[in-house]
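Trainee: Quick one: the structure is below, questions incoming.
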Amino acid sequence: SELCNGGQCCSGKGSKCCQAPPPAAAAVVKPSSEPIFPRELKGRVPAALKLEGPLCTWYRPTTLGQLLGLKAEYPDLKLVGGNSEVGIEMKFKDAGYKHLAAVTHVPELAEVSVTDAGLQVGAGITLSKLLDLLHSQIESQLPHRTRGFAAAAEQLRWFAGRQIRNVGTLGGNIATASPISDLNPLWMAFGAVFTVVGQGTGLREVPASKFFLGYR
């Protein structure tokens, strides 16, 4: 309580000067109510970022052209999707990456299309979204066309945990090229083809069976 009357509490003398004010009325929250997402943020267009630090510089390109330009300028640029692998390398393996680029805001890497030959999936799509996509195709197509989708969905079901699948990307898993990967052996068995691109090199198609040259 706040003291008054020369530092002496006077509440005992019938005064209310030392009594705390009543608590503010709190809004009643119903269990079924959802917080309202700010309308202003729904239409926000993310901007490209460059954050310089004492150990490294972090970039966030917003177009594929910007990303390719950064890779051409900094050949050692490390691409980061969910940071589930790069973060471990930097924290526990002393990987001194000087330039990092987040691919999370490059729309070209999040595109998905269904063709007569199968699925075309951007490298930036998360594993959780890939799993949802596979399930939707299994439900909408004939079984003989989705046997590979079913095998990949079954593997993804046991892939890490939901938190990792929510941020980890398809391209990150492929590029890590770990021999214990749950997915890369499937892409080779399915005859998957990877489309790669560099600044000034154009698009190239590389079969999964010829993409992996060694351990990581």
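The values are calculated or read from the model by the stated rules, or taken from the named source; none is laboratory data. These numbers come from a predicted model, not from an experiment. Note: ideal-geometry Cβ built from the backbone for every residue, glycine included; neighbour counts use all protein chains shown. SASA here: full protein model, heavy atoms, side chains in, ligands and nucleic acids out. Shrake-Rupley method; radii C 1.70, N 1.55, O 1.52, S 1.80 Å.
Trainee: Tell me the carbon and sulfur percent of the accessible area for segment 29-171, rounded to whole percent, probe radius 1.4 Å.
Mentor: Percent of accessible area from carbon and sulfur atoms in segment 29-171: 57.
Trainee: Summing Lys, Arg as +1 and Asp, Glu as -1, what charge do residues with Cβ under 14 Å from the Cβ of L130 carry, L130 excluded?
Mentor: The answer is 0.
Trainee: For the chain, what does the accessible surface come to per residue with a 1.4 Å probe? Please give it in Å².
Mentor: 69 Å²
Trainee: Please report the relative contact order for the chain, taking Cα pairs under 8 Å with a sequence separation of at least 6, and give it as a percent rounded to a whole number.
Mentor: 14 percent
Trainee: For a quick check of understanding: with a 1.4 angstrom probe and all protein chains in place, what accessible area in square angstrom does V196 have, to the nearest ten?
Mentor: That residue has around 40 Å² of solvent-accessible surface.
Trainee: Moving on to the next point. Length gain on complete extension for the stretch M188 to A72, per 0.36 nm per residue less the alpha carbon to alpha carbon distance?
Mentor: Value of the extension gain: 38.9 nm.
Trainee: Here is a follow-up. State, to one decimal in nm, how far the label point of L55 lies from the label point of S209, with both points 7 Å from Cα in the Cβ direction.
Mentor: The two pseudo-label positions are separated by 4.2 nm.
Trainee: Would you kindly find the accessible area of H105, with a 1.4 Å probe and non-protein molecules such as ligands, DNA and RNA excluded, rounding to the nearest 10 Å²?
Mentor: 70 Å²
Trainee: Under the 0.36 nm per residue contour assumption, what length would be gained going from the current alpha-carbon distance of K91 and S178 to full extension?
Mentor: 29.5 nm
Trainee: Got a sec to turn the phi values of segment 190-197 into Karplus ³J(HN,Hα) couplings, 6.51 cos²θ - 1.76 cosθ + 1.60 with θ = phi - 60°, whole Hz, x for Gly and Pro?
Mentor: Taking θ as phi minus 60°, the curve returns 7, x, 5, 10, 9, 9, 10, 8 Hz for segment 190-197.
Trainee: Can you give the % of DSSP beta bridges in segment 73-189 that are antiparallel, to the nearest 5?
Mentor: 60 percent
Trainee: Computed FRET efficiency, Cβ-Cβ of V197 and S33, R0 45 Å: what is it to the nearest 0.05?
Mentor: Efficiency, from the Cβ-Cβ distance: 0.45.
Trainee: Given labels modelled 7 Å from the Cα in the Cβ direction, how far is it in nm from T62 to A117?
Mentor: 3.3 nm
Trainee: Only bridges with both residues in the chain count here: give the DSSP antiparallel percent, nearest 5.
Mentor: Of all bridge pairs located within the chain, approximately 75 percent are antiparallel.
Trainee: Right, something else. Could you tell me whether segment 28-123 comes out rounded, prolate or oblate from its Cα gyration tensor? Rule is a ≥ b ≥ c as square roots of the eigenvalues, rounded for a/c under 1.5, then prolate if a/b exceeds b/c, otherwise oblate.
Mentor: Because a/c hits 1.5 or more and a/b fails to exceed b/c, segment 28-123 counts as oblate.
Trainee: Would you check the accessible area of F92, probe 1.4 Å, heavy atoms only, in square angstrom rounded to 10?
Mentor: Result for F92: roughly 150 Å² accessible.
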